[in-house]
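Each remark here refers to the structure printed beneath this line.
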Amino acid sequence: MSTGPSDYAGEDRLISAFEKHDEFVELLKAFLAVDLLEEPSPAEHVAEDRTLSKLAAILDEYQEAAYLLDPYLDELVGRPIESLRSYASHAFQTGSLGPTTRLEMLARLIYWYTKTRGYKTIVRYFPHETADFGIALGLLSKTLEIVVQWEVTYVLLLWLSLICMLPFDLSLFDDKDKAPVATTLENIGLEQLSKSGKERDAAAVLLSKLYIRKDAEGKTSTFFAWGSRTVKKADNVYASLGFLQVVSELLKGGTHAALSDHLSDIRQLLNHIKEEPTLMKNTLIRKYCSKISGRLAVMQLPLRNARKTARSIRMEDTQHHDEAAEELEEHIPEAMDEHVEELVTFLQDKDTIVRYSAAKGLARISERLPVEFANQVLESILSLYDLYEDAARAQEYVPDAEGSWQGATLACAEFARRGLVGGEQLSSVLDWTSKALLFDIRKGAVSVGSNVRDAAAYVMWASARSQTSGSMRPWAVPIAQRLIAVSVFDREITIRRAASAAFQENDIDFYAVSIRRHAFEVAAPEVAKHKEYRASLLSHLETVTLRHWDPQMRSLAAAACRRICDLDLSTLGPAVGARQEQLITHPDNSIVHGSLLALANIAESMAQSADPELQAARLQVFRSMSKIPLRKLQSFRGEPLLATVCAVLGASASPAALNRGSNGPPWQEILELGMKSRDESVQDAAADAWSRISDILDCEKHVQRWARDFPTGTPVIQQGIAKVFGKLKYTRFIHGVETATQCLSAAVTTRGPKFLPTIEVRRDCFVALRQIVCQDGVVIASNEQVAVFRAFLRVIQDGLRDYTSDQRGDVGSWVRLECLKALGTGLPRLFQHCSEILDPLHWLDNDELHQTLAMMLKQGAERLDTVRDEAGLQLASILSAHSSDSTARVTWKIDGEQVLIALCNDEEARTWKEGSWFFPKVVQLLLIPTYRSCLLEGLAYGIGSKTESTLGPAGQALSDFAERLPVSSSDEDTLSLFQLAQELLLQAKRDLSNNSHFIPYLQTFLVLLQADVLQPLSDTEEGRTLMQELVNVASRNASRMKNVQRILLSMKIVTSAAPIPTITAMVLGPLLVFLTYSVPKVRAETAESLYLVAQTSELFGENEERGEELLLETPWLNGHESDFNPAAEEVIRLIRQAAEETDDRRY
């Protein structure tokens, strides 16, 4: 079963170090080794851009663990920054810019550093001396005059923001003929604030650093006036956002005195923005409104010395509270309630970044408030939970509650991290947080609530570090149990990791919970070995995960439930089974499905024990299925329930349960429903159940009935019967084997009276035949079943010729794959049991074995990678079984066995999927006559593929092989080029009317002709005869062909053979047909093909220019007959004349 969308293949790899440091440094050296002042050539630009992409890709890998780069940042960032400074210095000294192409790529690299590690960390490595101010500003001013990539502007603005923090007078850089430097900086920053990209972020940082300087205090009023005009233009969203970003930075880094004159202006502007729907639709604007509101409130409150030490709570330090509270109440502004109310509203915003900003704002405000007031703020936050208290109590969360719950939980986490939760409120916070850990509901096709659960884990983590041991003691056990359950049973990997981090125990680590299946089936049972957690884990599974909206989660939960119950099956198994049995009548199908899955898994465990009490409980599970009405299983979307009921019946079946006098469910009727289901998973479940039952009951009468119903049933019913036939255990009714195999064989025998056209049914029939024949003690090694085995081989060989295709493509490959698996399983079993068989060669003689191996090689040479790979795996299995059994080696001799073994067992572990490796090796088997015919057929089908990954390697390998062959040979055992071509032509002529058969051979001959492999054949009489026959076969009835692909291939064979002197005369007629064909595309393609041939041959002799002119200038595609017919006749005349002149010279 898939682990679901939350689990990725690479999540089990935890990055713990900068493993690619050396590779990154080498790439960085190569990237910086160029001269920024030179314009790169196109080739150099492509190479440098490729290097930059590799650097960016490595940085992206460490996006989630960027702190690992910190020890190397000086080395990684310093050199690029120095290159940037050198470029800026050159521009400052010369007064002009050099080429900017490499500057842009350098800026892009620096931006990638900021993207990975954050600009606050990276900007520290920028040069920050007073002299650098003029250099940076000069380069920024010049780049703004031209068009450069935005990364250049972004990096230079960040550089200037750092320099602006130095204590120097800006007027030192003023120029008498220009505006003051401070004004220039302000104008540049304001201009960039209106941009939609990252330049706005850097400009906001720059302006915030500029306005808090003493030599720029007068500009603050100008800025707020500009901001007032900007926000009143509701359509200017980006500029308004830039203004809010600057204000936010100012409130963060400025002082109360510097901004005291503008606090009311900020408040008014915020109120105006909140009244503008256009602005408030923007998530970032709401985020900055929340941030600014919180910082405004904080600035108006006096700083308190709140304790920051671990495991200490400010609330519990009650000394001098009364005096301090009276003193501080006088300093609390009346507007504080308004700020708190506003932030509580933002806690319920639809976007997480707004909610998180509000949560931090409320916590920072509460740090400066008296204890009583801080408690009131926390109570306001906790009241958000009360809106959904009834739903939480019933664990029936609603999607609309997600925003409020996450906002409240984030705020609680921030309060807990700062030690602001204590007393009775701690109990409320932890109680609601425990409920939040289970917030997981379905909304459409996605899950809602992972944000809430992640925030809840944050609360637990923060509380563990801010509370004293005594205050947490009453909650220690329930919190530990809840965190353990979430860390192994949550649907999302991020939540499992967050919960395990909050728990911080050795029982669970990041790797153990990274893969969902591993977390459920390995980590959870390991934790359950500790009895303190066993009951809580089972409770979580039964009340939460087995009722989950995701069916995959319910399936994993049932598997985990079984593994935990296995720790004490005699106690836990019956108890869990009894509780789940009570739920199978529940109106919610999800709950019923989960309980049935649990019952099936527990019954599986009980079946392994002989304990009478467990067997009694298992019998009760079987009988409990009578509580489920059949109409519910037949209802719309009832397939999951039907499949699970079948699984329960199979797992709980026993002689007592199947006793006709037993008071049990109508199990036969239920399983028949499963067999007739359109859902294959339901059919599989029913087949598995019959497999268990056939171990207990004699099912021969059922087999006979199904065999009678099979030919007249619908395809769905036929699939169900085939699956059951394959899963039955025939040891109790050995005579049923012949009935089942005859039924299945008749359905897949081509041209048979009972042949079934539905490919899915035939595939399942072949699967069933394999399962029956390869069943222990049923067919192989039973001397009475030799006829069954021989019939099986005939049917399998017939299946290997199935090339059915429809709109889905080569669906016959499904059958061929199953046939390969059948051979790869059946023949090794025969080899292993050959010493027990009276006459092994009567089961399989040498000729049949070689024919089978040849057909497998044919599949190995075909176009589909999956079929080739399967053929290689199964052939390797056969050869391994043959070589490892001494009796088999004596009984059957395999031609070229060592060559085959070498092909199947490559030392480099390369597979048959790799065409460039495989085809040059497999063509060597053409030297073995036993395999030649089938292998050539497979190669032709591979070369005839439209897939270039097969056509190219296969065609090249065959051409190279044929080129090394002698043209002819008197030795029959020595393969010659003539023999190879003759065999191909004989195979092609078997069915000339079947395009799917004939076209691959045309493609194969064309490949050989275009590679100049077949031309030597014209030097011998028999070779000339063969080439003439090839042209005749290819061009036969050319004017009446309907398939365009066949027409074009036939035409290309004719044009490719035209330069061969002994063949030229006989291709002239077909050439004229193709040049005057009724389909314009054929005429044009023929002319183009002739032109290409003429470039590498003496097709036109001395009239080459005239011939090429006719081919190029004649309107073959759009012309009238009067235009192209004379031209075609003239082309033919020129070719004939050149051929006659060649013959005269030869004689």
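The values are calculated or read from the model by the stated rules, or taken from the named source; none is laboratory data. Values in this document were obtained by computation on a predicted structure and should not be read as measured data. A quick note on method: Cβ atoms are made from the backbone with ideal geometry, for glycine too, and the neighbour counts reach across all protein chains shown. Side chains included, ligands, DNA and RNA excluded: accessible areas come from the protein's heavy atoms. Shrake-Rupley method; radii C 1.70, N 1.55, O 1.52, S 1.80 Å.
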If you place +1 on the Cβ of every Lys and Arg, -1 on the Cβ of every Asp and Glu, and leave all else neutral, what size is the dipole of segment 16-132 about its Cα centre, to the nearest 20 Debye?
-> 300 debye
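Determine the share of the chain's accessible area contributed by carbon and sulfur atoms, expressed in whole percent, with a 1.4 angstrom probe. It would help to have the intermediate numbers written out before the result.
Values: 24310 of 50230 Å².
Looking at the chain in its full context, I get 48 percent from C and S.
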Helix-only CD estimate at 222 nm, as mean residue ellipticity for the chain, using -39500 (n - 2.57) per DSSP H run (n ≥ 4) = -21000 deg cm²/dmol
XL table Lys178/Lys281; Lys54/Lys195; Lys821/Lys1052; Lys252/Lys281; Cα-Cα > 31 Å flagged, in table order, is Lys178/Lys281; Lys821/Lys1052
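Full extension from Ile734 to Ser916: what is 0.36 nm times the residue separation minus their Cα-Cα distance, to one decimal in nm?
Numbers: separation 182, 0.36 × 182 = 65.52 nm, distance 4.83 nm.
Length gained, Ile734 through Ser916: 60.7 nm.
Here are some pairs, Lys232/Lys287; Lys701/Lys723; Lys723/Lys754; Lys893/Lys989; which of them have Cα atoms lying more than 21 Å apart in this structure? If you can, show how the numbers build up before the last one.
Values: Lys232/Lys287 19 Å; Lys701/Lys723 17 Å; Lys723/Lys754 18 Å; Lys893/Lys989 33 Å.
Among Lys232/Lys287; Lys701/Lys723; Lys723/Lys754; Lys893/Lys989, the Cα-Cα distance tops 21 Å for Lys893/Lys989.
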Treating the angle as unsigned and between 0 and 90°, give the value, to the nearest 10°, between the Cα long axis of helix 977-988 and the longest Cα principal axis of the chain.
-> 80 degrees
Against the longest principal axis of the chain, how steep is helix 401-417, in degrees 0 to 90 to the nearest 10, with axes from Cα atoms?
-> 60 degrees
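Which whole-number percentage describes the relative contact order of segment 918-1039, with Cα contacts under 8 Å and a sequence gap of 6 or more? Intermediate values should be presented prior to the final figure.
Working: 108 pairs, mean separation 29.9, N = 122.
After rounding, I find 25 percent.
Within a Cβ distance under 12 Å of Phe168, other residues only, what is the Lys/Arg minus Asp/Glu net charge?
On the way: positive: Arg213, Lys214; negative: Glu129, Asp132, Asp169, Asp215.
Within the 12 Å Cβ shell, the charges total -2.
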Roughly what angle does helix 1044-1057 make with the longest principal axis of the chain, taking Cα atoms, 0 to 90 degrees, to the nearest 10?
-> 60 degrees
Checking rank on 1117-1130, 713-726, 686-699, with mean other Cβ inside 10 Å and highest first, the result is 713-726, 686-699, 1117-1130
Tell me, how many Å apart are the Cα centres for segment 1057-1125 and for segment 447-509?
-> 79 Å
For the chain, what is the relative contact order in percent, using Cα pairs closer than 8 Å and at least 6 residues apart in sequence?
-> 4 percent
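In segment 486-576, which trypsin sites (Lys or Arg not before Pro) are in a loop and have at most 16 other Cβ atoms within 10 Å, using DSSP for the loop call?
Lys529
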Karplus 3J(HN,Hα) series, Hz, for segment 591-608 with 6.51 cos²θ - 1.76 cosθ + 1.60 (x for Gly, Pro) | 5, 4, 4, x, 5, 5, 4, 5, 5, 4, 5, 5, 4, 4, 5, 5, 5, 7
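Highest mean first, what order results for 289-296, 603-610 on Cβ atoms within 10 Å?
On the way: 289-296: 25.2, 603-610: 17.5.
Going by the mean number of other Cβ atoms within 10 Å, highest first, we get 289-296, 603-610.
For the chain, what is the per residue volume of the convex hull drawn over the alpha-carbon atoms, in cubic angstrom?
Numbers: hull volume 294.6 nm³, N = 1147.
Per-residue hull volume (Cα only) is 257 Å³.
Multiplying the sequence separation of Gln608 and Asn1118 by 0.36 nm and subtracting their Cα-Cα distance, what value in nm do you get? Don't jump to the answer; show the numbers that get you there.
On the way: separation 510, 0.36 × 510 = 183.60 nm, distance 7.90 nm.
Result for the pair: 175.7 nm of gain on full extension.
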Per-residue HN-Hα couplings for segment 192-206 [Karplus 6.51, -1.76, 1.60; θ = phi - 60°; Hz; x = Gly/Pro] | 6, 5, 8, 7, 8, x, 6, 4, 4, 4, 5, 5, 5, 5, 4
Charge dipole (the chain, unit charges on Cβ, about Cα centre) - positive-most of Leu1117, Ser240, His530 = His530
Amide H contacts of Lys443 (H built 1.01 Å from N, under 5 Å, at least 5 apart or other chain) | Val448
Here segment 1127-1137 yields Karplus 3J(HN,Hα) values (6.51, -1.76, 1.60; θ = phi - 60°; whole Hz; Gly and Pro given as x) of 5, 5, 5, 5, 4, 5, 4, 5, 5, 4, 4
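Report the charge-dipole magnitude of the chain in Debye, nearest 20, computed about the Cα centre from +1 at each Lys and Arg Cβ and -1 at each Asp and Glu Cβ. Write down the numbers at each step before the final one.
Working: 122 positive and 155 negative charges, 664 e Å.
In debye, rounded to 20, the chain gives about 3200.
Counting only heavy atoms of protein chains, what accessible area per residue, in Å², does the chain have with a probe of 1.4 Å? Before the final figure, lay out each step's value.
Values: 50230 Å² over 1147 residues.
The answer is 44 Å² per residue.
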Name the residues of segment 1029-1057 whose amide N is less than 11 Å from a point 7 angstrom out from the Cα of Ser1078 along the C-beta direction?
-> 1039-1042
Cα→Cβ-extended label distance, 7 Å offset, between Ile901 and Ile696, nm | 4.8 nm
